[in-house]
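To start, the structure itself, in structure tokens.
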Amino acid sequence: MPTLPWITPNPTTPGTEAVVMASRFEVRSLADVPRFFLKAMAVWKQLHSTPGVVGASLVARPLKRTFYTLSAWESREALNAFAAAEPHRTVMTGLRSTTKESTFTFWQAPVDRLPIAWPDAQRRIEEQRQAGKAPGQGS
């Protein structure tokens, strides 16, 4: 399982909280994996110079066609600004047709407890996936 380890592009202020986002993307076929991974690397590079990002990591499970992201932000506004900026905006729009399923979950965490452990993030993602599959909620 290839993992890009936690990076901390910007310093934090002790005693503050971060907005944490964890996501899971499943692509439609193995043929889509290389394209998704290459595009993800462009977004990874963007993170290194993005204001407001506290930290980030990525896990790729290519044979399962699944990618996980984990990031922490100074605010929801900083996260939204990153998502709206290039290359993230164009990458995500361009990958919609190859993405079978995506799940996002958000929570607050003290910055002194970062980085979040991957098992915790994956548990939260799975809980969110199950909530999205509840009867009457669609998928």
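The values are calculated or read from the model by the stated rules, or taken from the named source; none is laboratory data. Predicted, not measured: the structure shown is a model, and the values here were computed from it. Neighbour counts run over all protein chains shown; Cβ positions are idealised from the backbone, glycine included.
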From the option list Ala78, Ala83, Ala109, Ala56, single residue qualifying as under 22 Å from Lys39 (Cα atoms) and in a strand (DSSP E or B) is Ala56
If we keep only residues of segment 91-130 that are of a type in the set (D, E, K, R) and in contact (Cβ under 8 Å) with a residue 60 or more places away in the chain, then the residue nearest to Thr3 (Cα to Cα) is Arg124
Within segment 48-68, of all residues that are among the polar types (S, T, N, Q) and in contact with a Phe, Trp or Tyr (Cβ under 8 Å, 6 or more places away or on another chain), the one farthest from Pro119 (Cα to Cα) is Thr50
Counting only residues that are surrounded by fewer than 17 Cβ atoms within 10 Å (Cβ to Cβ), small (Gly, Ala, Ser) and either modelled with pLDDT of 95 or more or farther than 16 Å from Met41 by Cβ (or both), segment 66-95 contains a total of 5
Considering segment 1-49, residues that are touching a residue at least 12 places away in the same chain (Cβ under 8 Å) and either touching a Cys at 6+ places or on another chain (Cβ under 9 Å) or among the basic types (Lys, Arg) (or both), and then whichever is surrounded by the most Cβ atoms within 10 Å (Cβ to Cβ), we arrive at Arg24
Residues in segment 13-34 that are in a strand (DSSP E or B) and among the basic types (Lys, Arg) total 1
